[in-house]
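Novice: First the structure, then my questions, so here it is.
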Ligand SMILES: [Zn+2]
Ligand SMILES: [Zn+2]
């Protein structure tokens, strides 16, 4: 076993994902109060003081809210690119200088036994990134909060054993729903979020049907339904010939609760 992965919570009210290897325990985003993240970690029997790093995808509050408090309370290094550091400063406040780790898109870095590759995505934040994680022969990809995905990103995430990928909204639900027009435009735009259909289209190009785990992430409360997201991906992959029952493990993530722990 190379990785354990658990989505502690995913959605527009807050995001926090947990990755563990033999040598490292890492959070990706910490978009709740410190108190809530401590609770979420306790629920899976992880002590917050044992976290080796917090990686930030972008400065939006649902990803950055608890970053500063956790770093200060438990002396945890925080990894983000330079522009994101500047943009999230008002949210996370002061972090000890030794815990400020500046990363660059497309430049690999290591946290103990995990090799990490950050890559640019397309979202209305200052410099948002997705991440690939490598340990042994295993690979995890994290791709949320992006309005579109280019060929380069598809190539990068291809071959992952676990995909944590956004299925934010159903296009019809969003169009017919109660959001103001400017917000609908934002979400549907190139710097918004991936729809269920976008998610399906990406997965159809990057999956091999070799028992990959697919975790549907960042579902909108107003513009999606868990079963609709699940069915769209399940039926869509089945239609193009995948044996979804046997060869792909599709799972929903939760808005305020952890998933099972995936060991890969
Ligand atoms: Zn978000
Ligand atoms: Zn965002």
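No value in this document is a laboratory result; all are computed from the given coordinates. From a predicted model like this one, the values you see are computed outputs, not experimental measurements. In this analysis, Cβ positions are derived from the backbone assuming ideal geometry, glycine residues included, and neighbour counts consider all displayed protein chains.
Novice: Once both labels are modelled 7 Å past Cα along the beta-carbon direction, what's the residue 91-residue 197 spacing in nm?
Specialist: Between residue 91 and residue 197, the simple spin-label model gives 2.9 nm.
Novice: To the nearest whole percent, what portion of all C-alpha pairs in the chain is separated by more than 32 angstrom? Present the calculation step by step, with values, prior to reporting the outcome.
Specialist: Details: 5563 of 34716 pairs.
That fraction is 16 percent.
Novice: Percent antiparallel among DSSP beta bridges with both residues in the range 10-147, to the nearest 5? Kindly include the intermediate steps, with their values, before the conclusion.
Specialist: Details: 18 of 27 bridges.
So the antiparallel bridges in the range 10-147 amount to around 65 percent.
Novice: Just want to confirm a number: the relative contact order over the chain, from Cα pairs under 8 angstrom separated by 6+ residues, in percent.
Specialist: 20
Novice: If you don't mind, another one. Note down the nm distance, to one decimal, between modelled labels 7 Å out along Cα→Cβ at residue 113 and at residue 238.
Specialist: So the label points at residue 113 and residue 238 sit 3.9 nm apart.
Novice: Okay, next question. When the helices in the chain are scored as -39500 (n - 2.57) per DSSP H run of 4 or longer and the sum is shared across all residues, what 222 nm value do you end up with, to the nearest 500 deg cm²/dmol?
Specialist: The helix-only estimate for the chain comes to -8500 deg cm²/dmol at 222 nm.
Novice: Take every DSSP beta bridge whose two residues both sit in the chain, then give the antiparallel share in percent to the nearest 5.
Specialist: Around 50 percent of the beta bridges assigned by DSSP in the chain are antiparallel ones.
Novice: Right, something else. For the range 112-204, what value does the Rg/Rh ratio take when both radii are computed over Cα atoms and Rh is the Kirkwood radius, given to two decimals?
Specialist: 1.03
Novice: Label the range 163-261 by shape, choosing from rounded, prolate and oblate, from the square roots a ≥ b ≥ c of the eigenvalues of the Cα gyration tensor; if a/c is under 1.5 it is rounded, and otherwise prolate applies when a/b is larger than b/c, oblate when it is not.
Specialist: The shape class here is prolate.
Novice: Kindly put 16, 148 in sequence by how many other C-beta atoms sit within 10 Å of each C-beta, fewest to most. Write down the numbers at each step before the final one.
Specialist: Values: 16 27, 148 15.
Ascending Cβ contact count within 10 Å gives the list 148, 16.
Novice: Fewest to most neighbouring Cβ within 10 Å: what's the order for 234, 18? Present the calculation step by step, with values, prior to reporting the outcome.
Specialist: Details: 234 19, 18 22.
Going from sparsest to densest Cβ surroundings: 234, 18.
Novice: Once both labels are modelled 7 Å past Cα along the beta-carbon direction, what's the residue 231-residue 172 spacing in nm?
Specialist: With each label placed 7 Å out from Cα toward Cβ, I get 1.0 nm.
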